[in-house]
Structure formats: C-alpha cells, structure tokens
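Only one structure is covered here, and it is reproduced in the block below.
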Amino acid sequence: DVQLQASGGGSVQAGGSLRLSCAASGFRIDNYAIGWFRQTLGKEREGVSYIRGGDGRTYYEDSVKGRATIFGNDADNTVYLQMNNLKPEDTAVYYCGAVRGSPYLPALNRATMYYWGKGTLVTVSS
C-alpha cells in the first residue's frame with residue numbers, strides 16, 4: 001500500500017533552517033514523482049518543490065527558489081526538503097504527495113497527486 005509520512009516541521013526564527021522528511025512505503029520513490037506542498041488558512045494547497053524519482057530531476061516554485069533543496073535517499077526511501085533562510089510567509093502546513101511515473105514537473109499541481117501524507121507544521125516567526 002502506498003503511504004507517505006511527512007515530518008520535520010517545527011518553530012524557527014526567520015533566517016533559520018528546517019529539513020522536512022517524506023518517508024514513503026509501499027513503493028519505491030524511483031518510480032514516482034514526489035512533491036512538497038503547503039497550505040495556510042483560507043488558501044488552497046500550493047506547490048513548493050518536486051522531484052522525479054526516475055531521473056532525479058527537480059523543480060522549485062519561485063516562492064522558495066534559492067532557499068530550498070529537494071533530494072531523495074534511496075537507502076531509506078525518503079524525500080527531503082531542506083529549507084534555509086526561512087521567512088514568515090513560509091509558515092504553513094507542509095504536505096508531501098506522490099504520483100506514479102515521470103510527469104513534467106512544472107505542470108504538477110494538487111490535483112495531479114494521487115497519494116498524500118499527513119502534513120507537518122512549519123512556523124516561522126519574525
């Protein structure tokens with residue numbers, strides 16, 4: 001069974017860093033695209049960054065470009081999102097989602113992802 005478990009959120013001061021984890025089970029990340037999304041009150045879930053397991057290709061939305069790095073670790077079947085220089089506007093519940101195959105990453109959105117894990121809260125204070 002496909003399952004995703006997000007973790008690593010917490011409370012940090014602006015300028016700080018966090019590493020979020022998305023542990024996958026029931027499938028190999030090499031055969032899926034994994035995406036990080038975030039959501040705040042009153043807003044729809046928005047994409048943050050994505051990685052294509054088959055070839056390791058990555059994509060970053062403008063909101064985090066230059067501040068985030070997404071990477072996978074085959075040994076533990078986990079995708080990570082390293083976030084540096086965090087800003088208050090990064091505050092959100094972060095979710096990871098997965099879709100099988102090798103999609104065109106810039107076209108990914110919430111509706112594209114078939115599987116979701118429970119979110120992890122990131123709070124950035126000024």
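The values are calculated or read from the model by the stated rules, or taken from the named source; none is laboratory data. All values reported here derive from a predicted model rather than from experimental measurement. Cβ sites come from the backbone with ideal geometry, for glycine too, and all protein chains shown count toward neighbours.
Taking the condition of being at pLDDT 95 or above and exposed (fewer than 13 other Cβ atoms within 10 Å of the Cβ), how many residues in region 76-105 meet it?
Residues flagged as at pLDDT 95 or above and exposed (fewer than 13 other Cβ atoms within 10 Å of the Cβ) within region 76-105 amount to 4.
Provide a single number: the residues in region 1-19 that are touching a Ser or Thr at 6+ places or on another chain (Cβ under 6 Å), farther than 12 Å from residue 99 by Cα and either of a type in the set (Ser, Thr, Tyr) or assigned to a strand (DSSP E or B) (or both).
Result for region 1-19: 4.
Check off (1) free of Cβ contacts under 8 Å to residues at least 24 places away in the same chain; (2) in contact with a Lys or Arg (Cβ under 9 Å, 6 or more places away or on another chain); (3) among the hydroxyl-bearing types (Ser, Thr, Tyr) for residue 69 and give me the number that stays unchecked.
(2)
Residues are listed down the side, and each one gets a yes or a no for (1) crowded, with 21+ Cβ neighbours inside 10 Å; (2) among the aliphatic types (A, V, I, L, M); (3) in contact with a Leu (Cβ under 8 Å, 6 or more places away or on another chain); (4) under 17 Å from residue 2 (Cα atoms):
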| residue | (1), (2), (3), (4) |
| --- | --- |
| 22 | yes, no, yes, yes |
| 48 | yes, yes, yes, no |
| 66 | no, no, no, no |
| 70 | yes, yes, yes, no |
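Given the options 35, 47, 9, 16, name the one that is modelled with pLDDT of 95 or more, more than 20 Å from residue 107 (Cβ to Cβ) and under 13 Å from the mean Cα position of the chain (by Cα).
On the way: 35 fails: more than 20 Å from residue 107 (Cβ to Cβ); 47 fails: more than 20 Å from residue 107 (Cβ to Cβ); 16 fails: under 13 Å from the mean Cα position of the chain (by Cα).
Going through 35, 47, 9, 16 in turn, just one is modelled with pLDDT of 95 or more, more than 20 Å from residue 107 (Cβ to Cβ) and under 13 Å from the mean Cα position of the chain (by Cα): 9.
Does residue 24 satisfy the criteria of being in contact (Cβ under 8 Å) with a residue 12 or more places away in the chain and either part of a strand (DSSP E or B) or farther than 28 Å from residue 126 by Cβ (or both)?
Considered against the rule, which asks whether it is in contact (Cβ under 8 Å) with a residue 12 or more places away in the chain and either part of a strand (DSSP E or B) or farther than 28 Å from residue 126 by Cβ (or both), residue 24 comes out as yes.
Among the candidates 98, 33, 24, 68, which residue alone is of a type outside the set (D, E, K, R) and out of contact with any Ser or Thr (no Cβ under 8 Å at 6 or more places or on another chain)?
On the way: 33 fails: out of contact with any Ser or Thr (no Cβ under 8 Å at 6 or more places or on another chain); 24 fails: out of contact with any Ser or Thr (no Cβ under 8 Å at 6 or more places or on another chain); 68 fails: out of contact with any Ser or Thr (no Cβ under 8 Å at 6 or more places or on another chain).
Only one candidate qualifies: 98.
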